[in-house]
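The values are calculated or read from the model by the stated rules, or taken from the named source; none is laboratory data. Since this is a predicted model, take the numbers as computed values, not measurements. Reconstructed Cβ throughout: ideal geometry from the backbone, glycine too, with neighbour counts over all protein chains shown. Surface accessibility is based on the protein's heavy atoms, side chains included, excluding ligands, DNA and RNA. Shrake-Rupley method; radii C 1.70, N 1.55, O 1.52, S 1.80 Å.
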Amino acid sequence: MNDNFEQLINALSSIPLSIDTLQKITFLIKQQTSETITLFITQSLQSLLTLKEWIWQRFSHDYFKWIKQSDYITLFNTLALFNKNLIFNYENIESDVKASLLIPNTIDEINIIFQQINQSKNDNDLFIIIVSSWFDNLSSFLREYPDYGTSPILCHINQYIARNYIMTDQFKFYIKQLQQSTLLPSIFTAKQLFYISTSSYSVYSYLSAYTHDFIFTPEEFLSQFANEYLQIILMHTQTIEKWNNKFLNCISHLTGFIVSCYWWCGDRSTRVKILFPTEQTMYDFIQALIRIISYEPFHEKLKTEQLNDETIFLTTGLKFLLTLLQTQNVTEFVRTDLTLPNTLFKLAELSTYHLISLNVYAILGEILSDEKLKELTVVDQVDSFFYSILEQAWHHPLKKYKQLPIIILLRSFVALSKSDAVQQSVADSNRIGGFIEMSDQYPVVFDIIWALSFNHDIQQQLRSNSSFIHKLSQLANESDDEQVRKTTQGILWNLEIDHQDRSILRNTDQNTFDIMISYSHKEKVLCKQLYDELTKNGYRVWIDFDQMHGNVMDAMAQAIDRSEIIIICMSEQYRRSNFCRAEAHYAFQRQRRIVPVLMQKHYKPDGWLLFLIGQLLYIDFTKYEFTRAMEMLMKELKVKNNSEDSEVNIEAEQSSIIAPALLSLIAPNPMMLPMLPKNILDWTQTQVHEWLTGNNLVQMARLLTDLNGRSLLYFDDFIRNGDRKQIVNILQEDSLRKTGQTLSLTELACFQSLMESNIPSDSNTTNKKHGQETGSQTNKIDPKRPQQRQSLGTNLIDPYYAFNPDYMGGNMPNVQLYENSPTINRPSSCTCSCGDMTFGPPVSCVSAQICVAYCLQMYPGQCTLVNTFGCCGSSCQYFQSQSLENRYCACNCGGQQYFNPVDTCTSSQACLTTCLQNFPQVCIPVTTQACCGQDCKSYSQSVANACACRCQGNTYYPSPTCTNAEGCVSTCMTTYGDCTFDQTQGCCGASCSLFIPTCSCSCGPEFSTMTSVPCQGGRSCVDTCISSYGACTQDNTQACCGNDCINAFPSCTCMCGGSEFTTLAMTCGSAQQCVQACLQSVAQCNIGNTRGCCGGDCSGYIPTCRCQCGSSIYYTTSNCANAEQCTNTCISQFGYACSPTNTIGCCNGTFCTKRNRFLGVSQAYTFQISFTTIIFSMSSFLLFI
């Protein structure tokens, strides 16, 4: 076969070329299988190289000679598919061989091909389609083999494409076409696809491979079309099911181009601002990426083919999401999508494409907390995947895995190495030796080993490797690389080799600094502001602004030893920092007082950081204004550390996880305990306070000042049976508000232990008896309530548990909530009982619940959701969610409750929007739950993407999802009659907007679009349309600002029997055309009073044909001689509406004829009608339409 193929290739130079030769070459190439292709290439390499050169020559010379010959086309397409298969498979074939079979030999050939594309006047030129597939193969090759980014031919191709295609107005015109809500198949021409798809794919593959200077910067590329791309992706990911293959091809390569620009070397801060002008824009884009990743029909394609548009799109989408997770503080936002991890697991299982699996596992490492990783079996799966490909890459001669350099794989593993679960998995599989071996060539491995060395088992494995310890000691002192020195010092520090003999400072030592600020340098700006405020208030503060030099671990230890208080500035970057972890660990070992502050919006401490600060209340600098947060911090710093009054026994951490300090409180002195009634129900507030302080629970005593014995039992019951995390959050807020002090979980634990020891086993009987004796004062509530809780279903919420998501599905306490039925017949006065306190708010009421609400708002220090009993006249109730007929909004925002007794609501979604709007400082999406009566809902993706309309006092919820409030405004106005331009407010989740008119452009019959440009009038929109869209010209453009429309082209003006003019939104060519349009469109116009103007050309009515076709009326532009002529003209000109059976033709509006379907036109059907009848018919018709 080899000889035969070589002979056929030699025959290509014959003149004339036999078509039979082309057919046989095509047949032989198609015959190759996965088993034969390697041998075929080896034996026929020179012939294949000759064939490649011959084809590129055909592309660059006189393509019109072969473009219409199908055998040429079939051969070119067959070899393109052959090459594509070669690129992604057959690793046993050297990359140089693949390159030689793909890359053209001369730049001149490329230039001629580009010239032919530029000169082509046919937007669907077959030549463009064919050469596009060959350029796409070059892009795919460069994407898989980035080392060839230095090829002069490929460099020239991408510079030409960037300069002459991407950075042009034509490219921008094509991309604006994709912004239309409805994408017509006709816009996807061969030339458009070459610009948008082929060109984008080429340059994005080149930028991903070549990190040196390029003729354009990433910022210039993004400024060219990033805004348009965002609008396209945000709009069309709402309707992915409507995409066609050509749009998928375009959007996948555009996404790759954008992510390569964002990820390219250099400072990314400017690129972020260009791409995401607001934080909400970034969140919207992330949601769009998640919609792409979660679209199941894309997943099906992963099973059938290794590489296709779906695979490329999923790969770029995953890469973009990973990039944002690694460079922006969006981890907590992504974590709010609870379904994403399962989607990612599914992708990893389905895909055989290594880049998808790599990105999936890297994303999971970013978004899954340590707790989640421990719960799932994914840890071993991720660890095995990464270590397997790392091992293969390490033993590869070029240190690659499927063309991925090992350095990229190692950098992807850095984030995962911070997880305690992954650390333990590496320890259990004893894989630390492999990383030690790699560290000789790749310094980034030291950062991985430092992270792993926080694990106790790995510490033992490292200590047993004496040669590696010796190597670390040398590098820590002698390495020329400052980062390597710091990292190796950190590893040695964790192994307790350099600081194990450091003496413990005594409490009597004089500290040089009052405060040390421990922070990640990503939060440097806010921490500098914190430092300035603390020093202004007289504190001596140590902070490392310029990063420490020398032995950084010793410098860190000295700073902590010389400071009394350590402020930990929490963020995702802080948790991921090995240095910050070591710093916090050492502060904990030294028993320094730790005060945590939150520096990153939405961040929730997890992993080792959560264990460290688990018993401490942190101050949220993202929730409050800086001034308010500083006030709270100053109060906290002034509070005397409770541990100073106690004997403290803190054992230094020996395991991989930093655990909270275990405080041994001084045993209470029995002589100091007050004499108390045996039954807790009989305790007064004073006795509860004495009992708490007598047991050294000073903080709890200050927190629970309003509780008597009965309330104390309720409180204990809530802690035991409620959501502990939710309750602790509420208690921490109360503690900060009432005492200015953080809540000690140690005291809380001691309190629970004491309650258990003070409640006798027969307390149920005692309590029930007491309840019977006290009658209505106890409201028949069993205070201890140890019995099984009753299930009230998903919509019946017990008062205290109304905001507890763990209780939404049932398990409600058995509480009788009413003493009397509410009466709403007449206004009355309010009274409230809150514990032992009684209040009379100066308000009138119509129901007990309104009194409860007023008391909760007016007496927040004494009245809570737990203890408030409100009476309106003789009608009394505890706090209770309202009935479905009379519902009010209630908000729970991070433990703080707000209740509005005035504004009724229709749904929890409406309340959720109200909560986010009315309390923006405390109600943020991820911590907000809202109830409308018994209907409760947390902020979720479905709510975030749902429209709400407020129109003239009415509220509507249309079904379409949304991306922004402006889109909801449009949906509202087109869906509901009372939603007018000046009376509509639209909300997309928590974001609301009034109607803001923007320019809309109608340019000919095939182009119409709505811009995002705000406007004041139609005239300004004319310039906007013409300057923004190539399809809009002076001759075809109608521009509208809301209802104000202006024509750039000559338009029709009608004057019908008076001095008032009516302008029609249509182009015109003559005055007589406008006359006909006036007669058809303006009710006051008839043939006797109408004068029409096209621009400055005006004319009265000239007899033409009038066509009545069923209920529709049309006018022709030609003059008429008789009715019969008009009937035939109507049918021929308006055949889509006028048929022989429904058409009446009139000449001059009075002489009319109907066609006889057997004889054609017959005089027997000729008749006259009066002007009055004509006018009446037209008026009726116009009224009807």
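Residue-wise test of (1) open to solvent by 10 Å² or more (accessible area, probe 1.4 Å); (2) out of contact with any Gly (no Cβ under 6 Å at 6 or more places or on another chain); (3) among the small types (Gly, Ala, Ser); (4) not assigned by the TED database to the domain that holds Ser425.
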| site | (1), (2), (3), (4) |
| --- | --- |
| Ala451 | no, yes, yes, no |
| Arg463 | yes, yes, no, no |
| Lys471 | yes, yes, no, no |
| Gln474 | yes, yes, no, no |
| Ser479 | yes, yes, yes, no |
| Lys486 | yes, yes, no, no |
| Ile491 | no, yes, no, no |
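Would you confirm, using the coordinates I've provided, whether Thr311 is of a type in the set (Ser, Thr, Tyr) and under 22 Å from Phe88 (Cβ atoms)? So Thr311 passes the test. If only residues of the range 823-859 that are in a loop (DSSP other than H, G, I, E, B) and open to solvent by 70 Å² or more (accessible area, probe 1.4 Å) are counted, the one that is modelled with the lowest pLDDT is Ile824.
Is it true that some residue in the range 55-68 is under 18 Å from Tyr145 (Cβ atoms) and acidic (Asp, Glu)? Show your work before the answer.
Residues of the range 55-68 under 18 Å from Tyr145 (Cβ atoms): none.
Within the range 55-68, not a single residue is under 18 Å from Tyr145 (Cβ atoms) and acidic (Asp, Glu).
Output the residues belonging to the range 72-97 that are open to solvent by less than 40 Å² (accessible area, probe 1.4 Å) and either more than 44 Å from the chain's Cα centre (by Cα) or closer than 16 Å to Ile55 by Cα (or both).
Pass one, the range 72-97, residues open to solvent by less than 40 Å² (accessible area, probe 1.4 Å): 72-73, 75-76, 78-80, 82-83, 86-88, 90, 93, 95, 97.
If the condition is that a residue be open to solvent by less than 40 Å² (accessible area, probe 1.4 Å) and either more than 44 Å from the chain's Cα centre (by Cα) or closer than 16 Å to Ile55 by Cα (or both), then Tyr72, Ile73, Leu75, Phe76, Thr78, Leu79, Ala80, Phe82, Asn83 are the ones that fit.
Against the criterion of being crowded, with 20+ Cβ neighbours inside 10 Å and closer than 22 Å to Gly256 by Cα, Asn137 qualifies. Counted as qualifying within the range 540-601 are the helices (runs of 4 or more DSSP H) with 2 or more residues that are more than 38 Å from the chain's Cα centre (by Cα) and surrounded by fewer than 19 Cβ atoms within 10 Å (Cβ to Cβ), namely 552-561. Per this entry, Lys246 is counted among residues that are open to solvent by 60 Å² or more (accessible area, probe 1.4 Å) and modelled with pLDDT of 90 or more.
So which residues in the range 1073-1103 are part of a strand (DSSP E or B) and open to solvent by less than 20 Å² (accessible area, probe 1.4 Å)? So that I can check it myself, show each step before the final result.
Looking only at the range 1073-1103, we keep the residues that are part of a strand (DSSP E or B), and these are 1090-1094, 1097-1100.
Answer for the range 1073-1103, where residues must be part of a strand (DSSP E or B) and open to solvent by less than 20 Å² (accessible area, probe 1.4 Å): Thr1090, Gly1092, Cys1093, Cys1094.
Go through the range 401-416 residue by residue and tally those that are open to solvent by less than 30 Å² (accessible area, probe 1.4 Å) and either under 30 Å from the mean Cα position of the chain (by Cα) or charged (D, E, K, R) (or both).
So the first thing to find is which residues in the range 401-416 are open to solvent by less than 30 Å² (accessible area, probe 1.4 Å), and the list is 404, 406, 409-410, 412-416.
Narrowing further to those that are either under 30 Å from the mean Cα position of the chain (by Cα) or charged (D, E, K, R) (or both): 404, 409-410, 412-416.
The total comes to 8.
For every residue, the table says whether it meets (1) modelled with pLDDT under 70; (2) under 22 Å from Met1010 (Cβ atoms).
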site	(1), (2)
Cys932	no, no
Ser938	yes, no
Gln941	yes, no
Asn945	yes, yes
Pro960	yes, yes
Ser970	no, yes
Met973	no, yes
Thr980	no, yes
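Within the range 1052-1069, being at pLDDT below 75 and among the polar types (S, T, N, Q) holds for Ser1059, Thr1067.
Listed residues Asp1023, Asp1035; which is modelled with pLDDT of 75 or more, open to solvent by 70 Å² or more (accessible area, probe 1.4 Å) and charged (D, E, K, R)? Even if it seems obvious, please write down each step before you answer.
Numbers: Asp1035 fails: modelled with pLDDT of 75 or more.
That would be Asp1023, the only listed residue that is modelled with pLDDT of 75 or more, open to solvent by 70 Å² or more (accessible area, probe 1.4 Å) and charged (D, E, K, R).
Tyr387 falls short on exactly one of the conditions (1) modelled with pLDDT under 85; (2) open to solvent by less than 30 Å² (accessible area, probe 1.4 Å), and that condition is (2).
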